[in-house]
Amino acid sequence: MATFNLNVNGKTLQVDVLPDTPMLWVLRDHLDLVGTKFGCGIAQCGACTVHLDGVAVRSCSVPVSAVGEKPITTIEGLSEAGDHPLQEAWVEHDVPQCGYCQAGQIMNAAAFLARNPKPTDQEIENAMNGNICRCGTYVRIRAAIKDAAGKMG
Ligand code: FES
Ligand code: FES
């Protein structure tokens with residue numbers, strides 16, 4: 001075991017875990033931030049997406065020892081009141097079906113819009129391509145991102 005001080009959603013939190021423990025496990029099992037979901041565990045589905053220093057990463061495949069002082073943002077920390085433009089667009093477009101993939105979808109989309117605030121449809125398509133939704137909500141996801149981008153820009 002080793003002690004890690006992590007900057008999560010603006011707070012410094014301490015965990016005592018093995019250095020190769022994936023961030024996803026740390027977030028869910030040690031810090032009780034269960035908005036981030038376990039899907040495949042092998043960086044294939046995007047359900048576990050969080051931001052590491054503003055970049056979307058798959059937390060199932062990032063060992064806690066690789067995080068250092070870089071800030072982590074989870075869906076719980078994306079906005080204080082759950083009113084990020086993407087979250088509002090998600091409600092307006094009634095995006096989720098079962099909901100399981102949606103935190104990862106939103107986190108991936110948020111990092112994408114932060115670096116590309118006025119994306120084309122094709123850019124949205126490309127950016128979201130790796131996030132899998134078993135319920136097939138892709139059309140509503142794309143529409144909500146487009147809408148949020150319009151409001152943010
Ligand atoms: S659980 Fe991490 S990408 Fe699927
Ligand atoms: S809403 Fe069910 S997996 Fe995406």
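The values are calculated or read from the model by the stated rules, or taken from the named source; none is laboratory data. As the structure is a computational prediction, the values presented were derived from the model and not from experiment. When we count neighbours, we look across all protein chains shown, and the Cβ atoms used for this are built from the backbone with ideal geometry, even at glycine. Accessible surface is based on the protein model in full, side chains and every heavy atom, while ligands, DNA and RNA are left aside. Shrake-Rupley method; radii C 1.70, N 1.55, O 1.52, S 1.80 Å.
Assorted remarks:
- Here the label points at ASN116 and MET1, each 7 Å from Cα along the C-beta direction, are separated by 4.4 nm in the simple model.
- Applying 0.36 nm per residue to the separation of MET152 and ASN126 and subtracting their alpha-carbon distance, the gain on full extension is 7.4 nm.
- Note on the chain: Lys pairs 8 or more places apart or on different chains, Cα atoms under 22 Å apart, count 5.
- Taking a ≥ b ≥ c as the square roots of the Cα gyration tensor eigenvalues, the stretch 47-107 comes out oblate, since a/c reaches at least 1.5 and a/b does not exceed b/c.
- With at most 12 neighbouring Cβ atoms within 10 Å, loop GluC sites (Glu not before Pro) (DSSP) excluded, longest segment of the chain: 81-153
- Largest first, the extents of the alpha carbon coordinates of the stretch 1-137 on the three principal axes equal 45, 27, 23 Å.
- Over the chain: helical MRE at 222 nm, DSSP H runs n ≥ 4 each giving -39500 (n - 2.57), nearest 500: -9000 deg cm²/dmol
- Solvent-accessible area per residue, Å², over the chain with all protein chains present [probe radius 1.4 Å]: 51 Å²
- Heavy-atom surface analysis with a 1.4 Å probe gives the stretch 1-53 a carbon and sulfur content of 49 percent of its accessible area.
- The slack between ASP94 and ASP32, meaning 0.36 nm per residue of separation minus the straight C-alpha distance, is 19.7 nm.
- Using alpha-carbon coordinates, inclination of helix 138-152 to the longest axis of the chain, degrees: 90 degrees
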